[in-house]
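Asker: Mind looking over this structure? Questions follow.
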Amino acid sequence: MKILLIFSAATVLLGCSAKYDTNNIQNSTELLIKDSPIVISKPADGVYETRTYSGSGAATAAAVKAAFARYSDSVNVFTDCDDIACLKSNHVIGLGYYVIPQILHWEDRATEWSGIPDRIEIKITIYNAESNSRVASTIISGKSKWASLGGDHPEDLLPEPINAYIASLY
C-alpha cells in the first residue's frame, strides 16, 4: 500500500509541469539594444494533421510582443506580413529589429482524459534592421503537463519559454 501511495504521488508531481526545450539555430551574434524599435510579423495559424488552429498565429505574435515589451516601448505586430521580405518592404525601420515567429507544430489535445499532452514548436528569427543580418534564431518546443484539470491549450505553453529566450538576448 505504501509503495502504491509513493508511486501515485511521484506520478502526480512529475506530471504537474510543462516541459520546454530551446534549440538555438544561431546564437545571438550581438546583444539586442534596449528601447530599439521591434517589428514583429504575425505567423500563419498552426496546423496539425488536417486541423487549422484559428487564432494560433495571433496568440504566438502576442506572446512574442509581450516578451519584447519588457525591453522596448516600440513593439508592433503587423498582421499583413508573415515573412522578412514583406516586413522590410511594407514596414521599413532604419534601426531596430525585425522578428519573424513561425509555427512549426501546434497540437491541442484533450490531455485531461487522453493523457496525450498539447505540443508546440515555434521558430523565432531576429534580424537587425540596419545591417539586414540575421542576429539570432531558435526553435522553442514545449509540451503540456500530463496532470491537467482541463482548460490547458497550446497557447498556454508560449509565454514561459519565449520570455526566457528574449531575456537571453538582452
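What follows draws every value from the coordinates through simple rules; no lab data is involved. Quick caveat: nothing in here was measured; it's all calculated off a predicted structure. Here the Cβ positions follow ideal geometry from the backbone for every residue, glycine too, while neighbour counts run over all protein chains shown.
Asker: In debye to the nearest 20, how big a dipole does region 56-147 give about its Cα centre with +1 on each Lys and Arg Cβ and -1 on each Asp and Glu Cβ?
Answerer: Magnitude of the dipole: close to 240 debye.
Asker: Hey, rough spin-label estimate for residue 49 and residue 66, points 7 angstrom out along Cα→Cβ, what's it come to in nanometres?
Answerer: The modelled label-to-label distance comes out at 2.9 nm.
Asker: May I pose another question? Could you please state, rounded to a whole Å, how far the C-alpha centre of region 91-110 is from the C-alpha centre of region 41-88?
Answerer: Each part reduced to its Cα centre gives a spacing of 4 Å.
Asker: Two decimals is fine: what's Rg over Rh for region 47-170, C-alpha atoms, Kirkwood radius as Rh?
Answerer: Reported Rg/Rh, Kirkwood definition of Rh: 1.01.
Asker: Among all the lysines, which ones have a C-alpha under 23 Å from residue 65's C-alpha, if same-chain residues fewer than 8 places away are not counted?
Answerer: 19, 34, 42, 88, 123, 143
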